[in-house]
Amino acid sequence: MPASNHYDVIIIGTGAGGGTLAHRLAPSGKRLTGKLKALWKQTSKCAMHGHECHQGLFARSLWVGQRIPLAGVAHQVGTVRFGHDPRGSALDVHCKAHDLANLYVVDGSFFVSSGAVNPALTIMANALRVGEHLLERLK
């Protein structure tokens with residue numbers, strides 16, 4: 001792999017977790033890339049609508065009879081749980097996949113469940129915590 005294509009950390013997603021992790025790791029001098037953002041820019045022109053929209057990278061392929069308003073999906077969490085036991089969680093306590101040495105998840109999916117409040121600040125705090133762990137690991 002050419003040196004120009006080597007990255008110390010590839011961040012997939014630039015939401016509250018990915019953006020915070022990138023911000024925390026940026027001063028370290030490590031080579032970072034935001035993969036999802038780059039993919040989104042490559043494929044976001046929609047053949048159906050002719051502009052950047054949902055049909056570009058993630059086509060809508062499920063119809064449940066009615067559209068769910070944004071407030072109905074704003075706090076989705078818990079899809080990739082974290083914990084000590086691989087039998088009950090996909091991630092360890094550092095949000096690293098139990099079975100992979102270099103896959104970390106820092107979005108809201110690490111939560112087991114969510115309260116009725118916006119989880120963005122907790123997601124950001126966790127991304128900073130994982131960032132500290134990654135900085136130690138990458139030394």
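Every number here is computed from the coordinates shown, using simple stated rules; none is lab data. Keep in mind the model is a prediction, meaning the values are calculated, not measured. FYI the Cβ positions are ideal-geometry reconstructions off the backbone, even for glycines, and counts take in every protein chain you see.
If I model a spin label at A120 and Q76 as a point 7 Å from the Cα along the Cα→Cβ vector, what separation in nanometres do I get?
In this crude label model, A120 to Q76 measures out at 1.8 nm.
Which order do the peptides 15-21, 122-128, 96-102 take when ranked by the mean count of other beta-carbon atoms within 10 Å per residue, highest first?
15-21, 122-128, 96-102
By the scheme Lys and Arg +1, Asp and Glu -1, what is the net charge of all other residues having a beta-carbon under 13 Å from that of L25?
+3
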